[in-house]
Each structure stands twice: as C-alpha cells, then as structure tokens.
Amino acid sequence: MERERKPLGDATAVRGKLALAGYRSINEWANAHGVKPVTARRVIYDWANRADREPHGGIARQVMKMLRETLEAKDDQAA
C-alpha cells in the first residue's frame, strides 16, 4: 500500500525545512544532490505544494523524490 503523500508546502516553506535540515539555501541543496539550482527551484515552485499526483517529467520526479527523502530524513532525526 502506498503511503499517503502530503504537500511539502510552498517554496518558502520548503526553503525553511531545508534550512532546518542543514542547507543554507535551495541552491546548496541542489548542488549537494547533483541537480541544477534552477531546475530544483522550478520543480519546487511547480510541484512541492501538490500531493494529487507525481511530476510529469523524469527529472522533476527525481528531484521531488530526493527532496522528500531529505526532508523525511530530517524528520526521522528529530523524532
């Protein structure tokens, strides 16, 4: 059974969550994960606030997967 997906929030909320996870910016997170910063910002703007479906493109899906893994790891460490 697939886990229910929750939206990550808008770009400002995602930036704050990444800051709590130890990244100073979206650019720093993107560079650490081998993604172009402009691609990461665009994917976050388009898809982070949605939970109804996955991104259409393969790169966008990969970026969202890495982002969710980063934020879930931060939540697991806090618990």
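The values are calculated or read from the model by the stated rules, or taken from the named source; none is laboratory data. Worth saying up front: this structure is predicted, and the values here are computed from it rather than measured. Don't worry about glycine lacking a Cβ; one is built from the backbone with ideal geometry, like all the others, and counts go over all protein chains shown.
Consider segment 56-79. How many of its residues are modelled with pLDDT of 90 or more and either closer than 18 Å to GLY9 by Cβ or hydroxyl-bearing (Ser, Thr, Tyr) (or both)? So that I can check it myself, show each step before the final result.
First, pick out the residues of segment 56-79 that are modelled with pLDDT of 90 or more: 58-71.
From what's left, either closer than 18 Å to GLY9 by Cβ or hydroxyl-bearing (Ser, Thr, Tyr) (or both): 60, 63-71.
Of the residues in that region, 10 qualify.
Residue-wise test of (1) surrounded by fewer than 14 Cβ atoms within 10 Å (Cβ to Cβ); (2) touching a residue at least 12 places away in the same chain (Cβ under 8 Å).
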position	(1), (2)
ASN31	no, no
GLY34	yes, no
THR39	no, yes
ASN49	no, yes
ARG53	yes, no
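Please work out if THR70 is within 9 Å of the chain's Cα centre (by Cα), of a type outside the set (A, V, I, L, M) and in a helix (DSSP H, G or I). Explain how you work it out, then say what you get.
Numbers: within 9 Å of the chain's Cα centre (by Cα): yes; of a type outside the set (A, V, I, L, M): yes; in a helix (DSSP H, G or I): yes.
Against the criterion (within 9 Å of the chain's Cα centre (by Cα), of a type outside the set (A, V, I, L, M) and in a helix (DSSP H, G or I)), THR70 qualifies.
Only a single item in (1) under 19 Å from LYS6 (Cα atoms); (2) among the aliphatic types (A, V, I, L, M); (3) out of contact with any His (no Cβ under 6 Å at 6 or more places or on another chain) is not met by MET66, and it is number (3).
Select from segment 1-50 the residues that are of a type in the set (Asp, Glu) and outside any loop (DSSP other than H, G, I, E, B) and write down the one among them that is modelled with the lowest pLDDT. Outline the logic, then answer.
Of all residues in segment 1-50, those of a type in the set (Asp, Glu) come to 2, 4, 10, 28, 46.
Filter once more, so that each one left must be outside any loop (DSSP other than H, G, I, E, B): 28, 46.
Details: GLU28: 97, ASP46: 93.
The qualifying residue modelled with the lowest pLDDT is ASP46.
Filtered by the rule that a residue be crowded, with 19+ Cβ neighbours inside 10 Å and more than 10 Å from LEU71 (Cβ to Cβ), segment 16-28 gives TYR23, ILE26.
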